[in-house]
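What follows is calculated from the coordinates using simple rules that are stated; it is not laboratory data. Everything numeric here is computed off the predicted structure, so don't read it as measured data. Note that we place each Cβ from the backbone using ideal geometry, even for glycine, and neighbour counts take in every protein chain shown.
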Amino acid sequence: MRGKLITLEGIDGSGKSTVAEKLRKNPEIKAFGPVFTREPTRGTLTGDAVEKAIQSDTDQLAELFLFTADHAEHLAKLVKPALENGKIVISDRYSDSRYAYQGVTLKTRLENPIEWVKNLHRGWTIVPDLTILFDIVPEVSIERCGKRGEQSKFEKLELLRGVREIFLRVAAEDPERFIIIDASRSPEYIEKEVAKKVLEFLNRN
């Protein structure tokens, strides 16, 4: 039986990575034996290339292809084998991040960047079974990012406003897959709510 793919999405500073770590330690979720992962990947040729691109002035289209190459490697080496073995995979960021972020960064380069990026993935990616979207206004997320130190080039107010808008649009187009969480709430509330939604999904499936 094929496993299930759960993804955590949201703009920078939404708290999803912190919650991913909490889920990793949650005993009820651990009982399902999930595989935790992330994009960009860590310690891989493609993931390292993405990290270098994020920290430099890489062309936006080239950046998209680096992200997409890392996604392909991630699918081939970890996600697909785990799912084929009936495992639960929980990924901190996945393809929806590409639609949202590159949908903004490429808007002056391509006529319909979101659909263009979606078409680039069509036919070979794996659509998640459940996506939890951590929704937060960019003003709050920017403040959080500032508190944790140096900001990346993606942590800019106008860019994040556009990214959030795309995330919400993608979620509205696929309401059966997406659960939207108010990420402006307390960390304790968010962690509890996300764990509850993930457990409900796992127990149903």
State, to one decimal in nm, how far the label point of Ile54 lies from the label point of Ser17, with both points 7 Å from Cα in the Cβ direction.
0.6 nm
Return the sequence-ordered ³J(HN,Hα) values of region 118-129 in whole Hz as given by the Karplus equation 6.51 cos²θ - 1.76 cosθ + 1.60 applied to θ = phi - 60°, using x for Gly and Pro.
4, 5, 4, 8, 5, x, 9, 7, 10, 6, x, 7
Taking the chain and counting helices only, DSSP H stretches of n ≥ 4 at -39,500 (n - 2.57) each over all residues, the nearest-500 ellipticity at 222 nm comes to -16000 deg cm²/dmol
Hey, which lysines would be in cross-link range of Lys22, C-alpha to C-alpha under 21 Å, not counting anything within fewer than 8 residues on its own chain?
Lys4, Lys30, Lys87, Lys147, Lys192, Lys196, Lys197
Shape parameters for region 42-97, alpha-carbon atoms, Rg then Dmax in Å:
12.5, 40
Within region 172-205, which residues have the backbone N less than 19 Å from the label spot 7 Å out from Glu139 along Cα→beta-carbon, could you tell me?
182-186
Compute the distribution of all C-alpha to C-alpha distances in the chain, in bins of 10 Å from 0, and list the percent of pairs in each, rounded to whole numbers.
8, 35, 40, 16, 1
Val35's amide H: which non-local residues (gap 5+, or another chain) put their own amide H closer than 5 Å, with H modeled 1.01 Å from N in plane and none for Pro or chain starts?
Ile88, Val89, Ile90
Within region 4-204, the percent of DSSP beta bridges that are antiparallel, given to the nearest 5, stands at 0 percent
Assertion target for Val50, Val35, ordered by fewest C-beta neighbours within 10 angstrom first, is Val35, Val50
Residues whose placed amide H lies under 5 Å from that of Asn26, excluding near-sequence neighbours
none
Long-range amide H partners of Gly10, meaning residues 5 or more apart or on another chain whose placed amide H is closer than 5 Å, are Phe134
